[in-house]
Each structure stands twice: as C-alpha cells, then as structure tokens.
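The values are calculated or read from the model by the stated rules, or taken from the named source; none is laboratory data. If you're wondering where the values come from, they're calculated on a predicted model, not measured in any experiment. Cβ: placed from backbone, ideal geometry, glycine included. Neighbour counts: every protein chain shown. Quick note on the areas: whole protein, heavy atoms, side chains included, nothing else; ligands and nucleic acids left out. Shrake-Rupley method; radii C 1.70, N 1.55, O 1.52, S 1.80 Å.
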Amino acid sequence: MIEVTPMKAAKTHAEASRERKDVVSGAVMPEAALVRFVSGPDGEVVPDLARKLPGRGVWVAADRASVAAAAKKNLFARSAKAPLKAAPDLADEVERLLRARVLSGLGLARRAGELVMGFEKVAKTVGAGRAAWLIEAIDGAGDGRGKLLRLARHATPPPGVLGLFNAQELGLALGGENVIHTAFLAGRAAGRWAEDVRRLEGFSPLLPEDWREEPVGAKREP
C-alpha cells in the first residue's frame, strides 16, 4: 500500500505578502517578527516600525544581535543597493522606538476600553482568565505584584507578563498620575499590541530577572 502525503496548501497572496527575508540570516519570516528599515533624507538608516514609510525596505529580524550585525556588515547598503549609513547605536534606537510604541499602544487600548487598572479589578480579571497580559510597574510594591503574579501563574490560560515601565511612564501613557497594576483584556487588540511587545523582547527582557523565581505562563494568544 502506498502512503500518500497530503500536499501542503499553497499560501495565499496575502499570506505571502506578510513574509519577508531577514537580510542577516536569509530566513523568510512573518513581518511581525522583523523590523523594516528605509533610507532617510541624508542616506541614514531609519527604522520604520509601522511599515508605512515610502521607499525600498530592508528587513531585519527583531532582535538586538541581528540589527547590530546588519549595521556592522553593511547589509543595509548591500540590500538597498544604495550608500546607506547605519548609526552605531541603531539597535538602541530601535529599542527606544519600540518602547514608545508599546506605551502608545497601551494608551490607545485604554481609550478603547481594553484595559483594566487597579489591584482589585486586575486581580479579578486575571483570576477569571480574561487577561491576555498583566502589566506591572517595575517600581511597584512587591507584595501586590507578587499576589498578581501568583494569580497569573495559575490562571487558565496564563497571561503574558510585562514589567518594563515604571509607574510614571505608565501613568503618562494611560492618563493617570501613577499606574501600578494593569491588565490587557484578551482579544484582537491584545494580539495586535503583543506583536510590538514580542519585537521589543528581542532588545530588552520583558521583566526583571528576580520576577522569574517561578515560571510565568507563556504569552497568551487572543
């Protein structure tokens, strides 16, 4: 008897258009896992995180090592076939822009009613399994954070955890004086926001090492 292996379905045009080649590794990846760069007015390499700037794009895997390698090996100029100049601190610039983009995304989610703030409300949301992400201020008190992290570990499914920003940064983004505890409700908005969080993870850990005493659940898909 001959075993027939099912043919893999061909990608649609839309699916194929959302994949690009990383100039460092040569691997084809989803756009969400890459950072697009274009040429600026003076030939400098400019990160295009929203993937909307005009010009030929150069795509690099969204991690610090890949961006640094692309700059060091002059891969931007080779790929664009133009004399592009990459700043030595390009990876730091990408991290800074991604941090700003993640905070901006939280502000948009707040206005759309996709966030819950305050210890009691966040604890209820996380415990009920309705949170895609738990966002904790890095300078918040350890006792409240510890209780929420324990809830997150036992939630079904467990939310992702983000601990990169201080209370003032979160407050400025969310329209409050100081924000310590926030939950991003599960749904499409959380999925879109998480794309930037995952890219940022390639440049900076998402939470301090001492928060990792016990494994927190993997990031939740909406």
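Table for the structure above
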{"read-out": "Whichever residue in the range 104-134 is touching a helix residue (DSSP H, G or I) at 6+ places or on another chain (Cβ under 7 Å) and of a type in the set (Val, Ile, Thr) and, among such residues, is most open to solvent (accessible area, probe 1.4 Å)", "value": "Val116"}
{"read-out": "Tabulated pairs, the range 72-95, first in contact (Cβ under 8 Å) with a residue 12 or more places away in the chain and farther than 16 Å from Gly40 by Cβ, second open to solvent by 30 Å² or more (accessible area, probe 1.4 Å) and not in a helix (DSSP H, G or I), C-beta under 7 angstrom, 6+ apart or interchain", "value": "Leu75/Val23; Leu75/Val24"}
{"read-out": "Within the range 207-222, tally of residues that are closer than 16 Å to Gly146 by Cα and either exposed (fewer than 13 other Cβ atoms within 10 Å of the Cβ) or modelled with pLDDT of 50 or more (or both)", "value": "9"}
{"read-out": "Subset of the range 154-165 [in a loop (DSSP other than H, G, I, E, B) and open to solvent by less than 50 Å² (accessible area, probe 1.4 Å)]", "value": "Ala155, Pro158, Pro159, Gly163, Leu164, Phe165"}
{"read-out": "From the options Ala82, Ala91, residue that is in a loop (DSSP other than H, G, I, E, B), in contact with a Ser or Thr (Cβ under 9 Å, 6 or more places away or on another chain) and open to solvent by less than 40 Å² (accessible area, probe 1.4 Å)", "value": "Ala82"}
{"read-out": "Odd one out for Val126, checked against (1) part of a helix (DSSP H, G or I); (2) under 30 Å from Arg64 (Cα atoms); (3) not acidic (Asp, Glu)", "value": "(2)"}
{"read-out": "Test: residue in the range 190-200 that is within 16 Å of Leu115 (Cα to Cα) and out of contact with any strand residue (DSSP E or B) (no Cβ under 9 Å at 6 or more places or on another chain)", "value": "yes"}
{"read-out": "Failed criterion for Asn178 (all others in (1) outside any helix (DSSP H, G or I); (2) open to solvent by less than 30 Å² (accessible area, probe 1.4 Å); (3) over 14 Å from Leu134 (Cα atoms) hold)", "value": "(2)"}
{"read-out": "Residue that is farthest from Arg101 (Cα to Cα) [pool: residues in the range 22-49 that are free of Cβ contacts under 8 Å to residues at least 12 places away in the same chain and hydrophobic (A, V, I, L, M, F, W, C)]", "value": "Val28"}
{"read-out": "Matching entry among Val58, Val102 (being β-branched (Val, Ile, Thr) and either closer than 30 Å to Ala131 by Cα or more than 21 Å from the chain's Cα centre (by Cα) (or both))", "value": "Val102"}
